[in-house]
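Beneath this line is the structure, given in structure tokens, with notes to follow.
The values are calculated or read from the model by the stated rules, or taken from the named source; none is laboratory data. In this text, all values refer to a predicted model and were calculated from it rather than measured experimentally. Note that each Cβ is placed from the backbone with ideal geometry, even for glycine, and that neighbours are counted across all protein chains shown. Accessible surface is based on the protein model in full, side chains and every heavy atom, while ligands, DNA and RNA are left aside. Shrake-Rupley method; radii C 1.70, N 1.55, O 1.52, S 1.80 Å.
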Amino acid sequence: GNRDLRPERTNETNIGLTYSGHLPAGQLSVTADAYLNRVHDLIVAFPTTFAWKMYNYGKVDIKGLNVMAEYRQKSVMVNVGYNHNDARNITASSTSRYSRQVPYTARHSGNASVIWQNRLVNVGYALQWMGKRYSSLMHERQYRLPSFDDHSLTLTKIFMVSKRHCEVSLMCKNILDRQYEIIQFYPMPGRSFFLSVK
């Protein structure tokens, strides 16, 4: 821990719009939020060999945009999301770290999912994507983490057993078996499978 860690104080400004309407083949909903945050004593976590260290940054300006869209049909549901997050350190203009993107904060990220429900087996696909980011305020090559995309597939069967509702799911994460790191030096698992029964 860090006994000198101070709580964050934030001034937030946000404006959002939502549209929801019926289309000939289904229903569409779109939400967009734009925000501007001025954060004092932003808390940032850094991994070390055995423990995480927590630090405060003096002042950080965060400008962002979230856009989410959902489309529903009788048997298909599609979700798409995008996030733009410009989080800059504005503590001291005299330092080389001034106006640098906060560590581990990607400017661009997004996700998408499709669920197809049918009598045989429900099929779900999900995509998670994150742009490049840095593990330090020093924006040099050795601290840059490349962008990545993670694909997963889920098969779900719902049926009755002795008048009881039963759900069996098989999930494959990281279908393409790509090696990537969300946190530097902490590689995420490759292709992996999960089975659940409810």
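Could you figure out which of (1) crowded, with 16+ Cβ neighbours inside 10 Å; (2) in a loop (DSSP other than H, G, I, E, B) isn't true of Val78?
The single condition Val78 does not satisfy is (2).
Given (1) closer than 24 Å to Arg141 by Cβ; (2) assigned to a strand (DSSP E or B), where does Ser99 come up short, assuming only one miss?
(2)
Can you work out which of the residues in segment 103-125 that are farther than 24 Å from Lys157 by Cβ and not aliphatic (A, V, I, L, M) is surrounded by the most Cβ atoms within 10 Å (Cβ to Cβ)?
Top of the filtered list is Pro103.
Taking the conditions exactly as written (closer than 21 Å to Ser136 by Cα, of a type in the set (Asp, Glu) and over 21 Å from the mean Cα position of the chain (by Cα)), does Asp4 satisfy them or not? Break it down stepwise before answering.
Values: closer than 21 Å to Ser136 by Cα: yes; of a type in the set (Asp, Glu): yes; over 21 Å from the mean Cα position of the chain (by Cα): yes.
In short, yes.
State the number of residues belonging to segment 35-73 that are closer than 20 Å to Ser135 by Cβ and either open to solvent by 50 Å² or more (accessible area, probe 1.4 Å) or assigned to a loop (DSSP other than H, G, I, E, B) (or both).
Result for segment 35-73: 9.
Being exposed (fewer than 14 other Cβ atoms within 10 Å of the Cβ), within 30 Å of Ser96 (Cβ to Cβ) and of a type in the set (Phe, Trp, Tyr), is that true of even one residue in segment 170-183?
The answer is no; no qualifying residue exists.
Considering only segment 9-34, how many residues are open to solvent by less than 80 Å² (accessible area, probe 1.4 Å) and either of a type in the set (Asp, Glu) or under 18 Å from Asn56 (Cβ atoms) (or both)? Give the derivation first.
Initial filter on segment 9-34 (open to solvent by less than 80 Å² (accessible area, probe 1.4 Å)): 10, 16, 20-21, 23, 25-34.
Going one step further and asking which of them are either of a type in the set (Asp, Glu) or under 18 Å from Asn56 (Cβ atoms) (or both), we end up with 10, 33.
The total comes to 2.
Could you please give the count of residues in segment 126-169 that are of a type in the set (Gly, Ala, Ser), surrounded by 13 or more Cβ atoms within 10 Å (Cβ to Cβ) and outside any strand (DSSP E or B)?
The total comes to 4.
Looking only at segment 108-152, which residues are basic (Lys, Arg) and within 25 Å of Met54 (Cα to Cα)? Can you show your working first?
Start the filter on segment 108-152 by keeping residues that are basic (Lys, Arg), which leaves 119, 132-133, 141, 144.
Hits for segment 108-152 are Lys132, Arg133, Arg141, Arg144.
Which members of segment 102-126 meet the condition of being aliphatic (A, V, I, L, M) and under 15 Å from Glu70 (Cα atoms)?
Ala112, Val114, Ile115, Ala126
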